[in-house]
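Notes follow the structure.
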Protein chains: 2
Amino acid sequence: MTSNNKTRIGFIGTGIMGGPMARHLADAGFAVTAWNRSPDKADALAPFGVGAASEAKEARHAEIVISMLSSGPVCDEVLFGPNAATDAMSPGSTLVVMSSIPVETARKQSVLAGQKGIRYVDAPVSGGEKGAREGTLAIMAGGEASTINALEPVLAALGRVTHVGPAGAGSLAKLANQLIVASNICTVAEALLLAERGGADPARVREALLGGFADSTVLRLHGRRMIESDFVPGGPAKYQIKDTGTALALAASLGLTLPIATEVDRIFRGLVDNFGGDLDHSAAIIELRRINVL
Amino acid sequence: MTSNNKTRIGFIGTGIMGGPMARHLADAGFAVTAWNRSPDKADALAPFGVGAASEAKEARHAEIVISMLSSGPVCDEVLFGPNAATDAMSPGSTLVVMSSIPVETARKQSVLAGQKGIRYVDAPVSGGEKGAREGTLAIMAGGEASTINALEPVLAALGRVTHVGPAGAGSLAKLANQLIVASNICTVAEALLLAERGGADPARVREALLGGFADSTVLRLHGRRMIESDFVPGGPAKYQIKDTGTALALAASLGLTLPIATEVDRIFRGLVDNFGGDLDHSAAIIELRRINVL
């Protein structure tokens, strides 16, 4: 099926995000082979020109292996554990980890890959399912400039790529992204709560602020959810506290005090403790209402 | 100069914001007369079809009086003090206060205006000088729906108007706006500081985040200032603490605890204490660097 002059890409983890990403790569003319723990997910991509592999060792045929496994530990296990993809990969090939993993994990993976002669890039994304479907992800890439430049035609099929620093920097940028999203959610929640309690119509206030200096993606998306009390996730609160916890742990390891992030983490932990972890993170507003019972 | 069938508007306070706003109203075909404490500012608008009045009592000719005086106390004095504009205004006319004033002041002004038979709307704006020049202000209007509907053709010449609630709600929405801007600034500062200390390139991180869920006007504008260390105001830190202080005082009067706003206020007070009040509020990042000296 694959012609010899097409770049061969192995794609590991074709779930909600990875599925459409693998399709975009096939659409862009790359020879994509998908591997998934649930083989039917990979098989389902066959009509879109994506081949299916049954084992990670099929990665030996790939010039580029992309991982979009959803969990950090699974990603680490599949790529570097027993019978790992990197055992099969050829020296000189490139491993692109697009899963969101801790900065330290990315740095460790980079070293391990290097020992096997494999180039390594951590390139997590922002933009969610919509960005994956539409090929408009924000891709934050950490690694060698030459490796990332060579990947540019591949990653361009998935979204907009920015080289943010050495290996680990992609994951760090993603963490910065998550921290901003979390803090902006709590901020919008406080502002809407103030408006509500002060006697204004919070839905109208949100609307009025669009296009001004207070505008943000969070005001648009999560602000609307707060007003409609639509807390079906989206981004469940239990994952949110993982992100804020990771950010604060990294900050602590660097000797950094982040006063806003500290309060944001506290609000989300309160949300999980008092309302469970399965509500969307925009439910921060109900935790703020709880601590501000009239 | 003014034809009888044009709506007559008195415009008080033709400074950096008010000047271009008065011009837009004249351009839109209204009969605008400007009054300013410095008469030359009003006279300078003559070439653009804006008449000049020497005293606030000229407001008697106006169906609508708009105030864009920069300070709350001056606004209160000119509109409701001795020889005030509202003494001259006709019953049934409308007073539109577009200055940013405390919520309580707006409510009090609304009552005083009502006692004189004058309709009252508080309609502060977001969007700054650029929005005033381009006629793209976000206008947050508080008052009676019928009054605000009647003002729609007038305010449409200045930007996009949203009715956010009763008198005072416009000022409350503006406060929510300021609170979000202030919090987003501290948030972006924390995220960029984490990126910087963690070994990524903060300029590239900011760039990577544009278009994703972390995107905001503050990330774009103030984030760029932080990276370029460009702290020429803009929005001076000394005004910023006025806004956060006002928001916290209002919250306290409502029995509301706002954990993020509390930390944000603390950061900006630290900025003013340690670096003076004249830096742009995006200088929050240097205060965060100060409390996180290596």
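Observations on the model:
- The listed residue being in contact with a Lys or Arg (Cβ under 7 Å, 6 or more places away or on another chain) and either in the same structural domain as B:Val161 (by TED's automatic domain parsing) or at positive phi (or both), out of B:Ser100, B:Ser38, B:Ser70, B:Ser54: B:Ser100
- Unique residue being under 26 Å from B:Ala138 (Cβ atoms) and not in a loop (DSSP other than H, G, I, E, B) when the list is B:Ile66, B:Ile101: B:Ile66
- A count restricted to the range A:147-191 and to residues that are of a type in the set (S, T, N, Q), in contact (Cβ under 8 Å) with a residue 40 or more places away in the chain and more than 7 Å from chain B (Cβ to nearest Cβ) stands at 3.
- Boolean, B:Glu190 is surrounded by 20 or more Cβ atoms within 10 Å (Cβ to Cβ) and outside the structural domain of B:Ser99 (by TED's automatic domain parsing): yes
- B:Ile101 satisfies every condition listed in (1) farther than 23 Å from B:Gly29 by Cβ; (2) without any contact (Cβ under 8 Å) to a residue 60 or more places away in the chain except (2).
- Residues of the range B:257-293 satisfying the condition of being farther than 19 Å from A:Asp265 by Cα, part of a loop (DSSP other than H, G, I, E, B) and free of Cβ contacts under 8 Å to residues at least 40 places away in the same chain: B:Gly276, B:Val293
- Test: A:Leu95 is in a helix (DSSP H, G or I), in contact (Cβ under 8 Å) with a residue 24 or more places away in the chain, of a type outside the set (D, E, K, R) and within 23 Å of A:Arg8 (Cα to Cα): no
- Criterion (at pLDDT below 95 and either surrounded by fewer than 23 Cβ atoms within 10 Å (Cβ to Cβ) or over 27 Å from B:Ala195 (Cα atoms) (or both)) met by exactly one of A:Gly15, A:Gly29, A:Gly92: A:Gly15
- Residue that is nearest to the chain's Cα centre (by Cα), among those in the range B:279-294 that are of a type outside the set (Asp, Glu) and open to solvent by less than 20 Å² (accessible area, probe 1.4 Å): B:Ser282
- Residues in the range B:225-247 that are under 18 Å from B:Ile180 (Cβ atoms), more than 15 Å from the chain's Cα centre (by Cα) and not aliphatic (A, V, I, L, M): B:Arg225, B:Gly245.
- Taken together, the residues in the range A:207-226 that are open to solvent by less than 60 Å² (accessible area, probe 1.4 Å), closer than 30 Å to B:Thr105 by Cβ, at the interface with another protein chain (Cβ under 9 Å from one of its Cβ atoms) and of a type outside the set (A, V, I, L, M) amount to 3.
- When the range B:65-82 is filtered for residues that are more than 17 Å from the chain's Cα centre (by Cα) and either surrounded by 24 or more Cβ atoms within 10 Å (Cβ to Cβ) or free of Cβ contacts under 8 Å to residues at least 12 places away in the same chain (or both), the ones remaining, listed by number, are B:Val65, B:Glu77, B:Leu79, B:Gly81, B:Pro82.
- Qualifying residue in the range B:260-278 (condition: within 25 Å of the chain's Cα centre (by Cα), open to solvent by less than 10 Å² (accessible area, probe 1.4 Å), away from chain A (no Cβ under 12 Å) and of a type in the set (A, V, I, L, M)): yes
- When residues of the range A:227-259 are limited to those that are open to solvent by 60 Å² or more (accessible area, probe 1.4 Å) and among the hydroxyl-bearing types (Ser, Thr, Tyr), the one modelled with the lowest pLDDT: A:Tyr239
- Here A:Ala106, A:Ala56, A:Ala85, A:Ala52 are screened, and the one residue that is in contact with a Phe, Trp or Tyr (Cβ under 7 Å, 6 or more places away or on another chain) and touching a residue at least 12 places away in the same chain (Cβ under 8 Å) is A:Ala56.
- The residues in the range B:119-142 that are open to solvent by 10 Å² or more (accessible area, probe 1.4 Å) and more than 11 Å from every other protein chain (Cβ to nearest Cβ) can be counted, and the count is 6.
The values are calculated or read from the model by the stated rules, or taken from the named source; none is laboratory data. All values derive from a computational prediction rather than experimental measurement. So basically every Cβ, Gly included, is an ideal-geometry build from the backbone, and we count neighbours across all protein chains shown. In case anyone asks, the SASA skips ligands and DNA or RNA and just uses the protein heavy atoms, side chains included. Shrake-Rupley method; radii C 1.70, N 1.55, O 1.52, S 1.80 Å.
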